[in-house]
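The values are calculated or read from the model by the stated rules, or taken from the named source; none is laboratory data. Computed from a prediction, not measured in an experiment: that's the story for all the values here. Positions of Cβ are backbone-derived with ideal geometry, glycine not excepted, and every protein chain shown enters the neighbour counts. Areas reflect the complete protein model, heavy atoms only, side chains present, ligands, DNA and RNA absent. Shrake-Rupley method; radii C 1.70, N 1.55, O 1.52, S 1.80 Å.
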Amino acid sequence: MTAETKTLTVIGGGPGGYTAAFAAARAGMRVTLVECESLGGTCLNHGCIPTKTIKSSAEALELAQNAAAFGVRIEGGIHIDPAAVLQRKERVRSILCSGLEKTCASLGIDLVRGRGRILRAGLVELIGTGGTRTVEADNIIIATGSRPVELPGLPTDHTHILNSDDALRLESVPSSLIIVGGGVIGCEMACIYRAFGATVTLVEGQDRILPLPSVDEDISALLQREMKKRRIACETGCTLTNVTTGPDGVHAALAASPFAPAGAVPRPEKTVRAEKVLVTVGRAPCTDGLGLEEAGIAADARGWITADARMRTSVPHIYAIGDVLGPGRVMLAHAASAEALCAVADCLGKDTGRDMAYRHIPSAIFTSPEIGCVGMSERQARDAGHEVKTSVVQMRELGKAQAMSALPGFCKLVADARTDALLGVHMAGAHATDLVAEGVLALHLGAAVADVAAAVHAHPTLAEAMGEAALRMPQ
């Protein structure tokens, strides 16, 4: 069977789903894409893009507040306009969503507004505004994503106790905010709402913020110091208990976390109060009504779909990509897009020569300062048995950083001391989420530190940090 005669049904129109649909259509497949909400999924509608749009407003506010340091005088008061921020966020979202719809039309993709239910391999029931129908497909890709999960004792009421979706829809800035969860979303929200003027307390159960294996511990320490400078209270090794809500906001207690490391000094319980609490802990798979059990598609005990290295589920010709695979993979939009291309290649019968590779997928964290990471952290490298060497360059050493008054941050390279192979790149500072791309390419190509050092980096730029760190790496 040729690619031109093959059919594909994709359930879910997020970054994984639309990437799969576009790639398959461009390869000549006849594609049906099913999405019950707006195209773009969590990333475009409730996550990456709205967060970064609002973060841009926060950065503009801070720049205006510090304009005098650049020799710019602004007369009158400077304040945030929450309604205008939300309008801009929605305008950006709408532009990007419209672009996805136009691409579907130009590629001849059958875009179905509704839900898909897998009846069996090769057959999907489409339940949409126009009624119910079935469609046959040679291959099916599940890309239904994930949703925020509630914590026991912290049920979301969308008024006093919020989830991450609610935080992107607030029509006013709360005077005070407790954020439960010091992961990526929690830290990003802490920086945004502090810039907007809220008093922010960040509560994290583990002993550091951003407690992710892939985030180097020096990055966590830097961010916590910068948050302290911004008067964001970071309560690590703590949990929020005894939560009550009332007309004056939320009352709770900070208690020792069960996740605190052994031997940690017990912390006395204390009472805290805030206008609102934002819960940014955990995600759950969006698989309700998908027909997994009936179709025989295997999932783990928490409901995350299981798939092999080519994104194939337990049922032949049914694939799963993106967040629906759970935290055992990489729950990032660009990872979902890469998984989509891997799945489509398999649908087409192409041997790409490699399975889906996760080792060099970067993390982009939009805190203040930004963070970009790829490859192994120093701890991961040592745990993997490498004899490790590192090199660090502070951003404040760079002429461009001084010119921008963007001083906090550093670039840290992690390498194998025996072979000089680059193992990881960890950056914090202005535009770190963009700058880490050089590290991604270097790791992808198997570069040694000497290769990076030999590459001439333009001056004056922030990218010099990586080149200078390579030049300073111990031999």
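Side notes on the structure shown:
- Candidate aspartates and glutamates - alpha carbon under 17 Å from Lys400, same-chain residues fewer than 8 apart omitted: Glu370, Asp434, Glu464, Glu468
- Estimated at 0.36 nm per residue, the fully extended path between Thr132 and Leu96 surpasses their Cα-Cα distance by 10.1 nm.
- Sulfur and carbon atoms: percent of accessible area, the chain [1.4 Å]: 53 percent
- Note on Ala105 and Asp81: the extension gain reaches 5.0 nm, defined as 0.36 nm multiplied by sequence separation minus the Cα-Cα distance.
- Paramagnetic label reach from Asp355 (point 7 Å along Cα→Cβ; backbone nitrogen cut-off under 20 Å): within region 281-317, residues 297-301, 304-317.
- Stokes-Einstein diffusion of the chain at 4 °C, 1.567 mPa s viscosity, Kirkwood radius from Cα pairs, rounded to a whole number: 54 µm²/s.
- Note on Glu269 and Thr245: their simple-model spin labels are 2.2 nm apart, each label 7 Å out from Cα toward Cβ.
- Between Ala417 and Val149, the modelled labels are 4.0 nm apart [label points 7 Å from Cα along Cα→Cβ].
- FRET efficiency, Ser172 to Leu441 (Cβ-Cβ, R0 51 Å, nearest 0.05): 0.75
- The chain - accessible surface per residue (Å², probe 1.4 Å): 45 Å²
- Contour excess over end-to-end distance, with Cα ends at Asp434 and Arg120 and 0.36 nm allotted per residue: 108.8 nm
- Summing charges over neighbours of Val449, with a neighbour being any other residue whose Cβ is under 11 Å away from its Cβ, gives -1 when K and R count +1 and D and E count -1.
- Region 171-289 shape via C-alpha gyration tensor axes, a/c threshold 1.5: rounded
- Distance from the alpha carbon centroid of region 442-475 to that of region 89-136 works out to 44 angstrom.
- Within a straight-line Cα-Cα reach of under 16 Å, Lys6 can be paired with the following aspartates and glutamates, leaving aside sequence neighbours fewer than 8 residues apart in one chain: Asp110, Glu136, Asp138, Asp346.
- Take the Cα of Asp288, step 7 Å toward its Cβ, do the same at Glu387, and the gap between the two points is 5.6 nm.
- The chain: calculated mean residue ellipticity at 222 nm from DSSP helix runs of at least 4, using -39500 (n - 2.57): -9500 deg cm²/dmol
- Across Lys55/Lys229; Lys102/Lys350; Lys89/Lys229; Lys55/Lys412, pairs whose alpha-carbon gap is larger than 22 Å: Lys102/Lys350; Lys89/Lys229; Lys55/Lys412
- Pairwise centroid distance, computed over Cα atoms, of region 343-411 with region 219-267, Å: 28 Å
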